[in-house]
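Student: Could you have a look at this structure, given as structure tokens, before my questions?
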Amino acid sequence: MHALKSTVLALGILAAAVSSAPAFAQVSLSIDAAKPGPVINKNVYGQFAEHLGTGIYEGMWVGPESKIPNTRGWRNDVVGALKALHVPLVRWPGGCFADEYHWRDGIGPRGKRPVKVNTNWGGVPENNAVGTHEFFDLVEMLGADAYVNGNLGTGTPQETAEWVEYMTSEGKSSLAELRAKNGHPAPFKVAYFAVGNEAWGCGGNMKPEYYASLYNHYRTFIKAPPQNRPKLIASGGNDENTTWTDVLSRDAGRGTDGISFHYYTLPTGKWDKKGAAVGFPESEWFSTMAGTLRMDEFIRKNVAVLDKNDPQKKIGFYVDEWGTWYDVEPGTNPGFLFQRNTLRDAVVAALNFNIFHAHADRVRMTNIAQMVNVLQAMIITDKDRMLLTPTYYAYQMYVPFQDATSLPVTLSNNSTYSMNGKGVPGISASAARGKDGKLYVALVNANPSQATDVSMDIPGQMVASVRGQVLTADAMDAHNTFDKPQAIKPAPFSASAAGGKLTVKVPAKAVMVFAVEG
Ligand code: AHR
């Protein structure tokens, strides 16, 4: 029995001894609807599409000549599924790929574009069929914002400045005329532009102070019309490291709108043997939950640094790469980072969403890695077939939280999911007032075998009933396959008050999103 009272998302691993088979009392969720918090920027639900494996080529781009039904080269089934997800933002072209990408290789007639080797990802030929115009065609079809990641590692300030000019300029300019000649007279709308990626690693193995100087150098020459000026992103740190946030917010802070941050969940925590995507033991379900919940600690630490260096909160903290990273699917190209996607991934996604909502004032944009066929993907394709993953459904269920107004929540008497002397909070919760005026609640149960009752309390408001969706399954690694593409998908859910109280039974290993009625 635990008397764990936490403001929502006090989500760290609970230290030390906890009994292994606790009998849970009822958990209480209180939502303070009278004290609205910051808006949850829709771009928290951003995606990432890198030139990596079959993430773009095959997975999304098949070319206009393909027999697979497509629109100007982008496959219709995948674009249709992504539209249903209300994808608000896509980051492109990398990742590590971005620091070897030269934008001029990707414009003009496709047949004449140079072929390079994708040295980061599998050493396969990169024919540059997807370039700037094709990317913007995709985001325009999706109705999404564009996040373009520039090349600091092997690029130059001139190349970077000219790419931004090519995309955004509207006056008399040779680059604007070249854009028009290549089929797009109107400027492209660039919502975000990053200067390099992972400068501490694949982006150049730099020290933060050196990168900060380079960032200031590059961004000085990034000029765009005021009405089409992208938010500029300095590429930041990862995991426990807060030094990059500290150095960049001090040395480059005046010229940046956001500092990025990367954190991946590895079940074992080890890069040489990360853990399997399917068929894993419960110990790896537990460590995946515990590892995911560390996102809260990392954001808190970085936000504390930002609050010191940027008390006016001008700088956003953009988690522009996150998600699960497992051992690649046996028999696939190790450079393609293909992994299967299970119920565990959906729970990981939802835990992260609840954490991001709790930090909505600074976390104004994130990008899951990655959109199709790579790492924690929404969609998996095989030739002309496509399937939707549990992570896709988590994103779909959370659509009402895009641009919703966060509401403070308190969990009392939370359950603890424990293993080998460690424990994590069983239930994670988030609430928000949607753009449609409805009050939405998300509940996640990290415990794979114990259902939990959560009683709802919204002071000043009757809770007569709730209606929404639940995603769960019998197996921890439940997943869709091309033979059984609907093996796991959300089911409708509703509950009504009894005796003036509404209690929601949250199944084991489940994600629930519902609207509160009446
Ligand atoms: O998402 C895969 C890779 O992970 C990205 O290219 C890189 O930025 C990170 O290390």
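Student: Based on this model, can you work out whether A186 counts as open to solvent by 40 Å² or more (accessible area, probe 1.4 Å) and small (G, A, S)? Explain how you work it out, then say what you get.
Tutor: Working: open to solvent by 40 Å² or more (accessible area, probe 1.4 Å): yes; small (G, A, S): yes.
For A186, the condition - open to solvent by 40 Å² or more (accessible area, probe 1.4 Å) and small (G, A, S) - is met.
Student: On to the next question. Taking only region 271-310 into account, find how many residues are aliphatic (A, V, I, L, M) and within 19 Å of the chain's Cα centre (by Cα).
Tutor: Going through region 271-310, the residues aliphatic (A, V, I, L, M) turn out to be 276-278, 289-290, 293, 295, 299, 303-306.
Then drop every residue that is not within 19 Å of the chain's Cα centre (by Cα), which leaves 277, 289-290, 293, 295, 299, 303.
Total satisfying the criteria: 7.
Student: Something else: Counting only residues that are open to solvent by 20 Å² or more (accessible area, probe 1.4 Å) and assigned to a helix (DSSP H, G or I), which one in region 220-237 is nearest to H262 (Cα to Cα)?
Tutor: T220
Student: Let me ask you something else. Return yes when D77 is among the acidic types (D, E), in contact with an Asp or Glu (Cβ under 9 Å, 6 or more places away or on another chain) and under 30 Å from Y440 (Cα atoms) and no when it is not.
Tutor: Answer is yes for this residue.
Student: Let me ask something else. Within region 238-257, is there a residue that is touching a residue at least 24 places away in the same chain (Cβ under 8 Å), under 19 Å from T391 (Cα atoms) and crowded, with 18+ Cβ neighbours inside 10 Å?
Tutor: no
Student: Answer yes if at least one residue in region 266-279 is without any contact (Cβ under 8 Å) to a residue 40 or more places away in the chain and open to solvent by less than 50 Å² (accessible area, probe 1.4 Å), and no otherwise. Full working, then the answer.
Tutor: Restricting attention to region 266-279, the residues satisfying the condition of being without any contact (Cβ under 8 Å) to a residue 40 or more places away in the chain are 268-272.
Adding the requirement that they be open to solvent by less than 50 Å² (accessible area, probe 1.4 Å) leaves none.
Within region 266-279 (the criterion being without any contact (Cβ under 8 Å) to a residue 40 or more places away in the chain and open to solvent by less than 50 Å² (accessible area, probe 1.4 Å)), the answer is no, since none of the residues qualifies.
Student: Looking at Q339 and the list (1) outside any strand (DSSP E or B); (2) touching a Gly at 6+ places or on another chain (Cβ under 8 Å); (3) within 16 Å of the ligand (Cβ to nearest atom), which single condition is not satisfied?
Tutor: That leaves (2) as the condition not met.
Student: Looking at (1) more than 21 Å from the chain's Cα centre (by Cα); (2) of a type outside the set (D, E); (3) open to solvent by 30 Å² or more (accessible area, probe 1.4 Å), can you tell me which one C202 breaks?
Tutor: So the condition that C202 fails would be (1).
Student: Would a scan of region 150-168 turn up a residue that is open to solvent by 40 Å² or more (accessible area, probe 1.4 Å) and in a strand (DSSP E or B)?
Tutor: The answer is no, given that none of the residues of region 150-168 is open to solvent by 40 Å² or more (accessible area, probe 1.4 Å) and in a strand (DSSP E or B).
Student: Sticking with this structure for a sec: Residues being in a loop (DSSP other than H, G, I, E, B) and within 16 Å of the ligand (Cβ to nearest atom): count how many of those fall in region 178-219. Steps first, answer last, please.
Tutor: Step one: of region 178-219, the residues in a loop (DSSP other than H, G, I, E, B) are 182-191, 196-207.
When the remaining residues are screened for being within 16 Å of the ligand (Cβ to nearest atom), the result is 196-206.
Counting residues in region 178-219 that are in a loop (DSSP other than H, G, I, E, B) and within 16 Å of the ligand (Cβ to nearest atom) gives 11.
Student: With the structure loaded, tell me whether G123 is surrounded by fewer than 16 Cβ atoms within 10 Å (Cβ to Cβ), within 16 Å of the ligand (Cβ to nearest atom) and either among the hydrophobic types (A, V, I, L, M, F, W, C) or part of a loop (DSSP other than H, G, I, E, B) (or both) or whether it fails that test.
Tutor: Working: surrounded by fewer than 16 Cβ atoms within 10 Å (Cβ to Cβ): yes; within 16 Å of the ligand (Cβ to nearest atom): yes; either among the hydrophobic types (A, V, I, L, M, F, W, C) or part of a loop (DSSP other than H, G, I, E, B) (or both): yes.
Answer is yes for this residue.
Student: What number of residues within region 42-88 are in a loop (DSSP other than H, G, I, E, B) and open to solvent by 50 Å² or more (accessible area, probe 1.4 Å)? Outline the logic, then answer.
Tutor: We begin by selecting, within region 42-88, every residue in a loop (DSSP other than H, G, I, E, B); these are 49-56, 58-60, 62-69, 72-73, 85-88.
With open to solvent by 50 Å² or more (accessible area, probe 1.4 Å) added as a condition, the list becomes 58, 64-65, 67, 69, 72, 86.
Counting residues in region 42-88 that are in a loop (DSSP other than H, G, I, E, B) and open to solvent by 50 Å² or more (accessible area, probe 1.4 Å) gives 7.
Student: Any residue that is farther than 15 Å from A129 by Cβ and touching an Asp or Glu at 6+ places or on another chain (Cβ under 6 Å) - is there at least one of those in region 42-60?
Tutor: Yes: region 42-60 contains one or more residues that are farther than 15 Å from A129 by Cβ and touching an Asp or Glu at 6+ places or on another chain (Cβ under 6 Å).
Student: Only residues in region 433-460 that are outside any strand (DSSP E or B) count as the first member; pair them with residues that are acidic (D, E), Cβ under 8 angstrom, at least 6 apart or cross-chain, and list the lot.
Tutor: The qualifying pairs are K435/D403; P448/E282; P459/D32.
Student: Working only within region 361-420, note down all residues that are on the phi > 0 side of the Ramachandran plot and away from the ligand (no atom under 16 Å from the Cβ).
Tutor: Within region 361-420, the first condition is being on the phi > 0 side of the Ramachandran plot, and the residues that meet it are 373, 375, 383, 403, 413, 420.
Answer for region 361-420, where residues must be on the phi > 0 side of the Ramachandran plot and away from the ligand (no atom under 16 Å from the Cβ): K383, D403, N413, N420.
The values are calculated or read from the model by the stated rules, or taken from the named source; none is laboratory data. Everything numeric in this text was worked out from a predicted model, so none of it was measured. Using ideal geometry, Cβ is built from the backbone for each residue, glycine included, and neighbour counts are taken over all protein chains shown. SASA here: full protein model, heavy atoms, side chains in, ligands and nucleic acids out. Shrake-Rupley method; radii C 1.70, N 1.55, O 1.52, S 1.80 Å.
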